[in-house]
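*Asks:* This is the structure, below, for whatever I ask next.
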Amino acid sequence: MNKEQQFDFYWKEIFTGLAYNPIEFNTYRFDQSMSLPSKFNKLYEMFKQLALNNQEVMDYLKEFVETFEIKMETTVTDVLNVWLDDGKLAEIVRLAINEEVITARTSKTATYTNLKERLDTSDDNQEKINNKVGELQTTLIDDIKEIQKEITNIGLELSNKASLKSNISFTVGVGGDFSNITDAIKKITEYKQVYSSDLTFDITILSGYIVKEQLLFTNIDLSMITIKSIAPIVTIDATDFNSVFGSDLSYPFIGAINAKAPNIDVLFSMTNSIDKNDGLYLEATSSCNVLPTKGIMNSGGFGIRALDNSSLSARNAIFKDSNGRGCMISQGSRLSAPFIDLSGSKGRNGFRAYRNCTANLEGANISNCGETAVRISEGCIVDIKNSNLSNAGVIDSEGTSNGMFVFGASVVNAQNCNFSGAKLTGLVVSGGSTVAADFGSNFSNCGGRGIDCYGNSRVMANSAIINGTVGEAIRASSNSTIDCENSDITNCRNIVACRSEFGAIIHASSVNGNNNNLSFYATNGGKIIGNSITANSSTIGFSCVFNGEIIIRNSEATLCSNKAVEVSTGSKFVGSSCNFTKGVNYGVHVYRDSEASLFASNCMRETSETATDIVCTTGSIIKANGANGGTNNTPNLITTEGLIIK
């Protein structure tokens with residue numbers, strides 16, 4: 001293969017093989033009838049197209065430019081030498097001379113001078129050809145170098161930011177890369193089109209910068225961006241937040257619809273806001289990640305609003321002192337925010353969840369809220385154990401401020417939570433819901449009830465502290481169940497401390513019900529069951545009326561200022577091996593067609609038996625086998641007052 005064949009093969013078969021599709025490959029094949037300068041022109045066009053379409057050409061261009069002059073000179077020289085050796089060059093010269101001779105002989109105007117002049121000027125023509133080739137060569141080299149330079153610059157920028165780094169940082173503020181966050185995000189979205197998928201970006205807010213822009217995102221993934229700050233707190237000026245966003249028609253600082261918002265590694269504080277200026281708004285499968293100790297304080301509206309299957313990760317985040325709700329999620333949204341701070345929320349709830357949401361708020365601070373601290377409904381599942389919901393109802397504009405209100409078949413884990421000091425009730429559970437509020441949960445000093453459970457619901461409040469409540473410490477109603485074993489319901493300021501009614505059941509083993517007006521009260525078909533219950537120093541220890549039922553064992557109600565036990569109006573009482581001594585007026589008083597069983601119980605008001613130790617009237621029945629204490633009627637004798645079996 002001679003030099004010309006090598007030249008054609010090298011550029012046509014190897015170099016053009018870099019073309020990214022067969023059509024372009026065929027386009028750059030050389031027509032063998034083309035002159036050498038035409039081939040150069042063809043190569044030149046090829047280089048420009050390949051430089052635009054194929055990154056691989058960059059490395060080859062460098063090699064081509066470095067070796068082009070040598071290859072060109074070698075190729076031309078070698079071709080001429082070959083032509084000289086095989087006589088082709090002599091043949092070309094001979095044919096040219098013969099053409100001139102024939103023309104001189106046949107043309108009337110032709111003269112010998114024509115040939116001579118032609119021969120004399122052949123050197124000049126050759127020089128012009130050489131110059132033209134040289135100019136083309138120089139232009140081609142310069143253009144290739146320019147293309148190489150441009151590609152190299154782009155390559156350097158990409159390699160510096162994409163190949164050599166896994167993270168790119170920009171700054172916002174005076175002296176920063178951008179004057180606002182929006183422009184920084186816009187630039188990043190441009191980079192994202194060419195950068196590797198695992199590349200991340202930081203936008204750092206410089207000290208002194210005040211955010212005056214809404215960050216609103218739709219149908220975009222910006223989860224590779226993290227917004228940071230130099231200052232510990234960055235101010236948001238919401239004066240010009242005029243863009244309505246989302247189905248809630250709010251004016252949020254950060255909003256996302258079907259989008260992944262940037263990660264938040266800044267603690268913002270909002271100023272000059274209105275009640276529609278939410279801090280963070282997520283809708284339609286949107287998501288966001290708020291890093292620990294970061295968030296948005298003092299939002300004019302909600303601190304957080306997430307709806308329509310959106311999700312938020314906000315572990316140990318801060319969204320306190322919002323003018324609206326601290327956080328509200330709905331419609332299947334998910335929240336993972338253990339240890340989040342939603343305290344001081346002035347809206348209707350510190351935390352609100354409804355319509356099949358799930359949330360983890362373990363260890364959250366939702367204290368000192370303006371109204372109800374937590375409201376959960378409509379099939380939600382929430383883990384809020386070890387959280388602080390104390391002092392709910394600081395504003396109490398509606399007069400219904402509870403620590404937590406759960407309804408609509410929801411399930412909540414509220415173990416070891418602090419519900420104390422609620423303006424109204426510490427915990428309200430209804431509508432077939434279930435709440436675990438045991439292991440040290442505190443309902444003390446609530447302005448209403450400690451726990452109120454009704455509507456076929458259930459509360460587990462074992463080992464809870466429910467003392468000092470203004471209302472009832474515990475109420476179970478409407479076929480509901482409360483387990484409150486080992487709990488403290490002392491010093492309740494209401495007439496009743498523990499009430500079960502309308503088919504409800506309270507399991508009260510080992511409950512301390514001392515120092516109350518009426519410690520345990522079952523009425524209207526309600527039931528109280530337990531062992532080792534105490535109701536000492538109360539006005540009445542145990543009372544069941546209107547078909548109520550109390551079943552206890554090894555329990556006591558001593559030193560009661562009225563009576564230890566009262567059973568009335570068709571009710572039933574069972575107290576085995578109990579201590580009902582030292583009641584001021586009665587030990588056990590059963591009347592109005594009721595029934596009591598006092599097996600092995602001590603009912604003596606004083607050191608000796610009296611007629612008011614065990615009292616049976618108005619058609620009632622008392623079974624006092626093994627019991628201590630006098631009776632108002634002769635035992636085992638049926639009278640109009642009833643029957644005492646002893």
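*Asks:* Rounded to a whole number, what % of the accessible area of the stretch 539-580 do carbon and sulfur atoms account for, probe 1.4 Å?
*Replies:* The value for the stretch 539-580 is 47 percent carbon and sulfur by accessible area.
*Asks:* So with the 1.4 Å probe, I'd like the accessible area per residue for the stretch 424-509, rounded to whole Å².
*Replies:* With the other protein chains kept in place, the stretch 424-509 gives 29 Å² per residue.
*Asks:* I need the shape label for the stretch 501-564. Rule: rounded when a/c is under 1.5, else prolate if a/b > b/c, else oblate, with a, b, c from the alpha carbon gyration tensor.
*Replies:* Oblate, since a/c reaches 1.5 and b/c is not below a/b.
*Asks:* List, in order, the whole-Hz ³J(HN,Hα) value for each residue of the stretch 276-287 obtained from phi through the Karplus relation with A = 6.51, B = -1.76, C = 1.60 and θ = phi - 60°; use x for Gly and Pro.
*Replies:* Once rounded to whole Hz, the list reads 9, 8, 5, x, 10, 10, 10, 9, 6, 6, 7, 8.
*Asks:* Also, I was wondering about something else. So if we plug the beta-carbon distance of N486 and F599 into 1/(1 + (r/R0)^6) with R0 = 35 Å, what FRET efficiency do we get, rounded to 0.05?
*Replies:* 0.90
*Asks:* Next question. Cα gyration tensor of the stretch 366-430, axes a ≥ b ≥ c as square roots of the eigenvalues: rounded (a/c below 1.5), prolate (a/b > b/c) or oblate?
*Replies:* oblate
*Asks:* Something else about it: Ignoring ligands, DNA and RNA, what percent of the 1.4 Å accessible area of the stretch 410-522 is carbon and sulfur?
*Replies:* 45
*Asks:* Something else now. Collect residues whose amide H, placed 1.01 Å from N in the peptide plane, falls under 5 Å from the amide H of T372; neighbours closer than 5 in sequence don't count.
*Replies:* Residues meeting the amide H criterion: N402.
*Asks:* Sort out for me the Cα centre separation of the stretch 306-359 from the stretch 219-253, rounded to whole Å.
*Replies:* 17
*Asks:* So what is Rg over Rh here for the stretch 522-646, counting just Cα atoms and using Kirkwood for Rh?
*Replies:* In the stretch 522-646, Rg relative to Rh is 0.93.
*Asks:* Taking the stretch 399-517 as the region of interest, what is the percent of Cα-Cα pairs per 5 angstrom bin, listed from the shortest bin to the one with the maximum distance?
*Replies:* Spelled out bin by bin, the stretch 399-517 gives 3, 15, 26, 28, 21, 6, 1, 0 percent.
*Asks:* Please work out the average accessible area per residue across the stretch 168-254, using the 1.4 Å probe convention, and give it in Å².
*Replies:* With the other protein chains kept in place, the stretch 168-254 gives 48 Å² per residue.
*Asks:* Under Stokes-Einstein, with the Kirkwood radius over Cα pairs standing in for Rh, what whole-number D in µm²/s applies to the stretch 303-354 at 20 °C and 1.002 mPa s?
*Replies:* Approximately 201 µm²/s, per Stokes-Einstein.
*Asks:* Could you work out the pair-distance distribution P(r) of the stretch 341-451 from its alpha-carbon pairs, with 5 angstrom bin width and percents rounded to whole numbers?
*Replies:* 3, 16, 27, 27, 21, 6, 0
*Asks:* Sticking with this structure for a sec: Amide H of S299 versus every other amide H placed in the peptide plane: which residues, excluding those fewer than 5 positions away on the same chain, fall under 5 Å?
*Replies:* Sorted by chain and number, the residues that satisfy this are M270, S322, N323.
*Asks:* Oh, and also: Quick check: at a probe of 1.4 Å, how many percent of the accessible area of the stretch 282-381 sits on carbon and sulfur atoms?
*Replies:* About 42 percent, which is the carbon plus sulfur part of the accessible surface.
*Asks:* Could you work out the Kirkwood radius for the stretch 237-298, taking every pair of different alpha carbons, averaging 1/r and inverting it, reported in Å?
*Replies:* 12.0
*Asks:* Right, next: Please grab the % of Cα pairs in the stretch 330-371 that end up more than 11 Å from each other.
*Replies:* Tail of the P(r) past 11 Å holds 65 percent of the pairs.
*Asks:* Follow-up. Could you do me a favour and compute the accessible area per residue for the stretch 566-646, 1.4 Å probe, result in Å²?
*Replies:* Per-residue value: 43 Å².
*Asks:* Sort H589, H507 by heavy-atom solvent-accessible area, probe 1.4 angstrom, most to least.
*Replies:* H507, H589
*Asks:* Enumerate the calculated ³J(HN,Hα) couplings along the stretch 468-483 in order (Karplus 6.51 cos²θ - 1.76 cosθ + 1.60, θ = phi - 60°), each rounded to whole Hz, writing x wherever the residue is Gly or Pro.
*Replies:* x, 6, 6, x, 4, 5, 9, 9, 10, 9, 6, 6, 9, 9, 10, 9
*Asks:* Right, here's the next one. Which net charge results when you count Lys and Arg as +1 and Asp and Glu as -1 among the other residues whose beta-carbon is under 14 Å from that of C484?
*Replies:* Charge balance near C484 sits at -1.
*Asks:* For V574, enumerate residues with amide H under 5 Å from its amide H, sequence gap 5+ or separate chain, H modeled in the peptide plane.
*Replies:* The answer is I550, I551, I552, S597.
*Asks:* Taking a 24 Å limit on the Cα-Cα distance, which of the listed pairs K294/K346; K186/K276; K187/K228; K212/K260 fall beyond it?
*Replies:* Checking Cα-Cα distances, K186/K276 exceed 24 Å.
*Asks:* While we're here: Is the stretch 259-407 best put as rounded, prolate or oblate by its Cα gyration tensor, with a ≥ b ≥ c the root eigenvalues, rounded for a/c under 1.5, and otherwise prolate when a/b is larger than b/c, oblate when not?
*Replies:* In terms of gyration-tensor shape, rounded.
*Asks:* Can you pull the semi-axes for the stretch 182-316, root of five times each eigenvalue of the Cα gyration tensor, sorted largest first, whole Å?
*Replies:* 21, 18, 14
*Asks:* Extension gain T182-E609, at 0.36 nm per residue separation less the Cα-Cα distance, in nm?
*Replies:* 144.9 nm
The values are calculated or read from the model by the stated rules, or taken from the named source; none is laboratory data. Computed from a predicted structure; not experimentally measured. Counting neighbours? That spans all protein chains shown, and the Cβs are built from the backbone with ideal geometry, glycine included. Each accessible area value is taken on the protein alone, full model and side chains, heavy atoms only, with ligands, DNA and RNA left out. Shrake-Rupley method; radii C 1.70, N 1.55, O 1.52, S 1.80 Å.
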